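This report refers to the structure that appears directly beneath it.
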Amino acid sequence: MDKNRDLLINFIQNIVPISREDALEIANSFHQLQLKKGELLVKENQTSDDYFYLQQGLMRTFLYDLKGDEITTDFFIENNIVFEVTSFFNRIPSEANIQAITDCSGFRISYKELNTLFHNKVAFRDFGRAILVKEFISSKKRNYGMINRTAEQRYQDLLLSRPKILQHSPLKYVASYLGITDSTLSRLRKKM
């Protein structure tokens, strides 16, 4: 068993309590994928076909605002599933891009392969449902935080929950994610 696939098996078993045999069968349906820094996993106006387990690296989701500026809407750190849910499941062109901020490695499964697994393996349905619930909760928390938390509180939350983002991501990505300017982020960093 290769060590990298073993990490995927452990990830699956941490999300949903299933046998190692079931987790191995699921993990063996995924294919290794490497992304270089700056490479896109999902590109705007193309239909996403990648459900990706990020084993190593840092990624972000971004889109362009009405002025053409890049706005980072999410970050993904190691040991997470990365995909553009609307494009992937609705089979429509994506409005967003998903980009590797650092060199990344992990495992992917296509939409067709995922559906085959979903229909043939009850354990994978439970896994998929748990991932969607986790992502939905995370999205709600982020939306609420943009409304009822100050920029300083949002920065502190990010610093405590995902410090790797602040260590490896350009500050302009972090500032747009927090909904603030680069200069405001610099002031917050000095203050902390």
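The values are calculated or read from the model by the stated rules, or taken from the named source; none is laboratory data. All values derive from a computational prediction rather than experimental measurement. Here the Cβ positions follow ideal geometry from the backbone for every residue, glycine too, while neighbour counts run over all protein chains shown. SASA here: full protein model, heavy atoms, side chains in, ligands and nucleic acids out. Shrake-Rupley method; radii C 1.70, N 1.55, O 1.52, S 1.80 Å.
Residues are listed down the side, and each one gets a yes or a no for (1) at pLDDT 95 or above; (2) in contact with a strand residue (DSSP E or B) (Cβ under 9 Å, 6 or more places away or on another chain); (3) of a type outside the set (A, V, I, L, M); (4) farther than 30 Å from Ser19 by Cβ:
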site: Ala100; (1), (2), (3), (4): yes, yes, no, yes
site: Ser110; (1), (2), (3), (4): yes, yes, yes, no
site: Lys121; (1), (2), (3), (4): no, no, yes, no
site: Asp126; (1), (2), (3), (4): no, no, yes, no
site: Leu132; (1), (2), (3), (4): no, no, no, no
| Before we move on, is Tyr177 out of contact with any strand residue (DSSP E or B) (no Cβ under 6 Å at 6 or more places or on another chain), aromatic (Phe, Trp, Tyr) and either modelled with pLDDT of 90 or more or farther than 24 Å from Ala100 by Cβ (or both)? | no
| query | Consider Ile18 against the criteria (1) touching a helix residue (DSSP H, G or I) at 6+ places or on another chain (Cβ under 7 Å); (2) open to solvent by 60 Å² or more (accessible area, probe 1.4 Å): it satisfies all of them except one. Which criterion is unmet? | reply | (2)
| Across the stretch 150-169, what is the total count of residues that are charged (D, E, K, R), under 21 Å from Thr102 (Cα atoms) and surrounded by 15 or more Cβ atoms within 10 Å (Cβ to Cβ)? | 1
| remark: Selection from the stretch 140-171 of residues in contact (Cβ under 8 Å) with a residue 12 or more places away in the chain and among the charged types (D, E, K, R) yields Arg142, Glu152, Arg154, Asp157, Arg162, Lys164
| task | Give the residue that is farthest from Ser110 (Cα to Cα), with candidates limited to residues of the stretch 36-55 that are assigned to a strand (DSSP E or B) and within 12 Å of the chain's Cα centre (by Cα). | result | Gln55
| query | Taking the stated definitions as given, is Phe75 part of a strand (DSSP E or B), at pLDDT 95 or above, over 26 Å from Asp2 (Cβ atoms) and open to solvent by less than 20 Å² (accessible area, probe 1.4 Å)? | reply | yes
| request: Would you check if Val16 is at pLDDT 95 or above and not polar (S, T, N, Q)? | output: no
| task | Return yes or no: is Ile147 open to solvent by 80 Å² or more (accessible area, probe 1.4 Å) and part of a helix (DSSP H, G or I)? | result | yes
